[in-house]
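Engineer: One structure coming up, written as structure tokens, with questions to follow.
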Amino acid sequence: MCEQGKKADYIEESDLSLIRQCRGGSQRAAAALIARYAGLVHMSVSRIAVVGSDPEDLLQEAYMGLMSAIRSYDPQRGASFRTYAYTCVGNSLKNMRAASLAKKSRIHLDALSIDELGDVGYCEDGDPEGLFISRETVTEVERLINQTLSPYEKEVFFLYLNGCGYESAATKLHSSPKSVDNALQRARRKLKAVLNDL
């Protein structure tokens, strides 16, 4: 069955199944994971302020933490993806805070600990309204990825999610590492802008 025909199935699939599909290049699976954890990302960002950092920069950093989780999650280590994603998002924001402190900036609010983040954004109880909203969010995230990123940026983005470094992605795309880096930076900026509005 084509990926589009399985639209509703993505909401009910496990995180691990979506991660495997995402690493295989499934844009729909990536959109489903981003939509599933968007609540966590936005809530995390709303709880921290770093002097000299735009809230959109914090949001981008948190989404990059989520992308890192998708890219590097290993179920053999015993943690659920939910726990791992919380850790990656939290670490990403803590690293940004540490970098800000290194520049002698002050923090207005402390970041939440991972334990305080709680379950946000994805409802497993099968609530019909929640499932409908989740399906709509997945569709919207996928549409935004398609509309916002160029074909080359999408290829780079999904290679990144699949764990490819710049050199490896450049080889696969018959391109230079600098071109891959530039495309990934453009993709990050574009996705930051549209996901912030979501």
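Engineer: Any chance you could look up the accessible area of LYS192 with a 1.4 Å probe, heavy atoms only, rounded to 10 Å²?
Structural biologist: Ignoring ligands and nucleic acids, LYS192 comes out at about 40 Å².
Engineer: Structure shown: which of LYS94/LYS178; LYS154/LYS192; LYS94/LYS190 lie over 18 Å apart, alpha-carbon to alpha-carbon?
Structural biologist: Over 18 Å apart, Cα to Cα: LYS94/LYS178; LYS94/LYS190.
Engineer: In sequence order, what are the phi-derived ³J(HN,Hα) couplings for segment 70-85 according to the Karplus relation 6.51 cos²θ - 1.76 cosθ + 1.60 with θ = phi - 60°, rounded to whole Hz, with x for glycine and proline?
Structural biologist: Result, rounded to whole Hz: 4, 6, 10, 4, 10, x, 5, 7, x, 8, 6, 4, 4, 5, 5, 4.
Engineer: Quick one: order HIS42, HIS174 from most to least accessible surface, probe 1.4 Å.
Structural biologist: If we order HIS42, HIS174 from most to least accessible, we get HIS174, HIS42.
The values are calculated or read from the model by the stated rules, or taken from the named source; none is laboratory data. Bear in mind that the values here come from a model prediction, so they are computed numbers and not experimental data. Please note that ligands, DNA and RNA were not included when accessible areas were found on the heavy atoms of the full protein model with its side chains. Shrake-Rupley method; radii C 1.70, N 1.55, O 1.52, S 1.80 Å.
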